[in-house]
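The values are calculated or read from the model by the stated rules, or taken from the named source; none is laboratory data. Being a predicted model, the structure only gives us computed values, none of them experimental. Cβ placement follows ideal geometry from the backbone for every residue including glycine, while neighbour counts extend to all protein chains displayed. Heavy atoms of the whole protein, side chains included, go into the accessibility calculation; ligands, DNA and RNA do not. Shrake-Rupley method; radii C 1.70, N 1.55, O 1.52, S 1.80 Å.
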Amino acid sequence: MEVILPIANATAAAIARVSAAFNAPHARAVVFGIHIDGHLVVEGLLIAAILFQLSRKSYKPPKKPLTEKEIDELCDEWKPEPLCPPIKEGARIDTPTLECAAGPHTTIDGKEVVNFASANYLGLIGNEKIIDSCVGSVEKYGVGSCGPRGFYGTIDVHLDCEAKIAKFLGTQDSILYSYGISTIFSVIPAFCKKGDIIVADEGVHWAVQNGLQLSRSTVVYFKHNDMASLASTLEKLTHGNKRTEKIRRYIVVEAIYQNSGQVAPLDEIIRLKEKYRFRVILEESHSFGVLGKSGRGLAEHYGVPIEKIDIVTAGMGNALATDGGFCTGSVRVVDHQRLSSSGYVFSASLPPYLATAAISAVNHLEENPAVLSNLRSNIALLHKG
Amino acid sequence: MVRLPYTTALTTLFSYGLLFAFGQLRDFFRKLIDWFRVKDVKGYAPICLGLEDFYVRRLYLRIQDCFGRPIASAPDSWFDVVERYSNDSNKTLQRTSNTSRCLNLGSYNYLGFAAADEYCTPLVIESLKKYSPSTCSVRVDGGTTKLHTELEELVARFVGKPSAVLFGMGYVTNSAIIPCLVGKGGLIISDSLNHNSIVNGARGSGATVRVFQHNSPAHLEEVLREQIAGGQPRTHRPWKKIIVIVEGIYSMEGELCKLPEVIAVCKKYKAYTYLDEAHSIGAVGQSGRGVCELLGVDPADVDIMMGTFTKSFGSCGGYIAASKEIIQHLKLSCPAHLYATSMSPPAVQQVISAIKVILGEDGSNRGAQKIARIRENSNFFRSELKKMGFEVLGDNDSPVMPIMLYNPAKIPAFSRECLRQKVAVVTVAFPATPLLLARARICISASHTREDLIKALDVISQVGDLVGIKYFPAEPPKIAEADHDKLE
């Protein structure tokens, strides 16, 4: 009994206070002619309710990371594929093994055969002078160069060879690579980075495609050796696009396509390049020493000054009968590669005797331009027949 | 791993900061001056935009004369370094015809086959006359000669695998083989300090690449468990195959790989292993067979073994040794085999002769002597350097020893002062090493005699005092002299 009375009094006092709040003058409001009493209290309660809800944690389903046992089970279950797929029955496994030099006549399994498989365009395999200079080089420098170009792998024959090639072609400078196919797939990523635009021919060979893939730029292909397609592609890319002014743009073509044997029309390409302001990377592996009156390549064949082509690369494993590759162009182009071309910086340099062979081969080409007329008459004969 | 002392890190950062600030100042003035000069190439975006070649222009060009020094003789233990001069503060360097005879501590000439050798060179010259310097054709169409098949069998026998295939360049070997083995849907786990060729090959393959901490089998296991349990990114399908790529000797650290533990982890989780023995084949091991022999690992446990012929055999090119099925698959599908000119025949003959010398099949024991000598030389040199107080990285028995320099100013100081005293060393900085950890790297050869090494130690000690790179306290000279007497 004594407990109930104070509680009843307290409740009555509370109700009286609430009603007073409801009936206080400032709690009254008139909205559209309707009296609303005690609206402030209601608003106050609503705000309190909102604040209460906001302060509670939101519902997130609990994260259950995999237990060690589950990971063990998954690892046991997992079955990898075999490292190499099974070889199909009809796949060719035997390759012809030569028993002497790969000249025009060679011996396979004791039989003498005529060799149409080697890219020995100028017939320099077996040339006495070249072999003598190589012998001298091996006796002086040994076989390998034992280091990359930056760390005592630069031998004076490398520098002589670079100067010789630059002088022969009429460019400012050149740079030697130690393997034919690594030339083009190191040059392209050195100049083209993510965000650049490259327009390339569809029919370029594997090494160029690999370079394009490694460069991570946007690559647009145009129809093989089709200048109309090239023009329309260039137009589409640069039309109305103000931003292309700042982006580096390249056209990648080969002088003689390895896969189809066609010759690229250089004069058309230069005209388009100057119109749309693209830089040209020309791959001259099969045309250096073959095209042109004195073997200086595609630029001489079409009578285009070599300065108009920004970057010329070539592998020396074809006409020059040696190994390795070079890239030539202006001083800026060549100097840039000395530090940012991965096939140059991270790889051992060309063996010195191969550089000597290259110098002798270029000398031979300069002194005997008659080999080119021989080559051309042979080509014409085969075409006709 | 290298522990960087706090004060050294601060001073190095300060030096780089100063160089960076000066470089920016010069760039600013260059831009001002160029405003008034006519530009002749309009409309073409420049080859390097903005800060892309800042490091090259402002930091590297200052010390350009320490790199790319041309030589005028074979890279043997003593060679002729061509002197160069510059008229425009190192932007371009001109050759002179003067040379200076220096001790070679930089070339990769581990077994001394770099110069003309009494057994190898006559055979090389004979093969040059018979097969001429190049075959001008790819391996599959008339580029394979008897020498190539002989070398492939010899390499397979030397390394301890059933079969091998050759390539003309070590860099191309890695970049072209890895895409043939693993494609989209596969996983490559590679060591964080792997060589650029492996990184390029991994990128070109299209597989997902994950990196584990350098030489840490525990972290490798963690990464493997996480990846196998998680599956391919986003789709969570199981991986098609997993390849773990490690190197035998890491060329910038001189460390050996922890091969037995790595192989154990890979076997447990059914991952394939790829071992790149570019620096270790021929140079370590009881009979020169590389890291597997040194650490007691059976070659059959490593799925694919790769190596190069540039370092220990004095030639050029690379090889892959694996089981017969894998090699046949590679011969049919690897672009470097199908589209690239085959290896030059005289270079092949050089490797054949070099391996025969190492195995002792040429009738003498020069091979065994060379291997013993390089091990002795490396251990002697490393222990002496450590006694002098230098910070030397790498494990015992490894012929590569980096000496830490840290500060960017010490790099050209060390290099030029050593050259003045007729010792040629290699210094390496960013980007081949992390920014703060510049070092000088010494490569020991079997053709270095004890006198050569003692002279080198004297010079390095003097220069080290001048430049201030003896970061650890030196041992007292009394004990050092007693050790000298013991060894002699």
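From the set of residues in region A:64-103 that are loosely packed, with under 12 Cβ neighbours inside 10 Å and closer than 30 Å to residue A:319 by Cα, which is nearest to the other protein chains (Cβ to nearest Cβ)? Looking at the filtered set, the residue picked out is A:93. Checked against the criterion of being part of a loop (DSSP other than H, G, I, E, B) and within 24 Å of residue A:196 (Cβ to Cβ), region A:319-340 has at least one qualifying residue.
Taking region A:190-205, which residues are over 24 Å from residue A:333 (Cα atoms) and crowded, with 17+ Cβ neighbours inside 10 Å? Matches in region A:190-205: A:203 only. Of all residues in region A:100-120, at least one satisfies being at pLDDT below 85 and in contact with a Lys or Arg (Cβ under 7 Å, 6 or more places away or on another chain). With respect to (1) within 14 Å of another protein chain (Cβ to nearest Cβ); (2) in a helix (DSSP H, G or I); (3) open to solvent by 10 Å² or more (accessible area, probe 1.4 Å), the lone exception for residue A:355 is condition (3). If you go through region B:102-153 and keep only what is open to solvent by 10 Å² or more (accessible area, probe 1.4 Å), closer than 30 Å to residue B:439 by Cβ and more than 7 Å from chain A (Cβ to nearest Cβ), you end up with just B:112. Just so you know, in region B:200-251 the residues that are outside any helix (DSSP H, G or I) and basic (Lys, Arg) include one that is surrounded by the most Cβ atoms within 10 Å (Cβ to Cβ), and it is B:241. Flag set for residue A:186, criterion: of a type in the set (S, T, N, Q), assigned to a helix (DSSP H, G or I) and farther than 29 Å from residue B:80 by Cα. Kindly indicate whether residue B:398 is closer than 27 Å to residue B:286 by Cα and in a loop (DSSP other than H, G, I, E, B). Yes, satisfied. Taking the criterion of being part of a strand (DSSP E or B) and either surrounded by fewer than 18 Cβ atoms within 10 Å (Cβ to Cβ) or of a type in the set (Gly, Ala, Ser) (or both), the residues of region A:299-315 that qualify are A:314, A:315. Within region B:65-74, does at least one residue satisfy the condition of being more than 10 Å from chain A (Cβ to nearest Cβ), surrounded by fewer than 22 Cβ atoms within 10 Å (Cβ to Cβ) and at pLDDT below 90? Looking through region B:65-74, at least one residue is more than 10 Å from chain A (Cβ to nearest Cβ), surrounded by fewer than 22 Cβ atoms within 10 Å (Cβ to Cβ) and at pLDDT below 90. Among the residues that make up region B:369-381, is at least one of them touching a Phe, Trp or Tyr at 6+ places or on another chain (Cβ under 9 Å), surrounded by fewer than 22 Cβ atoms within 10 Å (Cβ to Cβ) and farther than 25 Å from residue B:168 by Cβ? Scanning region B:369-381, I find no residue that is touching a Phe, Trp or Tyr at 6+ places or on another chain (Cβ under 9 Å), surrounded by fewer than 22 Cβ atoms within 10 Å (Cβ to Cβ) and farther than 25 Å from residue B:168 by Cβ, so the answer is no.
For beta carbons closer than 7 Å, sequence separation of 6+ or different chains, a first residue in region B:208-231 that is within 14 Å of chain A (Cβ to nearest Cβ) and on the phi > 0 side of the Ramachandran plot and a second that is of a type outside the set (A, V, I, L, M, F, W, C) and open to solvent by 20 Å² or more (accessible area, probe 1.4 Å), the qualifying pairs are B:231/B:237; B:231/B:238.
Within region B:186-199, being facing chain A (nearest Cβ under 10 Å) and open to solvent by 40 Å² or more (accessible area, probe 1.4 Å) holds for B:195, B:196, B:199. Would you be able to say whether some residue in region B:432-455 is polar (S, T, N, Q) and either without any contact (Cβ under 8 Å) to a residue 24 or more places away in the chain or closer than 16 Å to residue B:470 by Cα (or both)? There is no residue in region B:432-455 that is polar (S, T, N, Q) and either without any contact (Cβ under 8 Å) to a residue 24 or more places away in the chain or closer than 16 Å to residue B:470 by Cα (or both).
Within region B:75-84, being part of a strand (DSSP E or B), closer than 13 Å to residue B:114 by Cα and more than 8 Å from chain A (Cβ to nearest Cβ) holds for one residue alone: B:78. Each residue in region A:135-177 was checked for being open to solvent by less than 20 Å² (accessible area, probe 1.4 Å), under 25 Å from residue B:65 (Cβ atoms) and more than 7 Å from every other protein chain (Cβ to nearest Cβ), and 12 of them qualify.
Screening B:280, B:312 for residues that are buried (at least 19 other Cβ atoms within 10 Å of the Cβ), more than 14 Å from chain A (Cβ to nearest Cβ), within 14 Å of the chain's Cα centre (by Cα) and closer than 24 Å to residue B:193 by Cβ leaves exactly one candidate, B:280.
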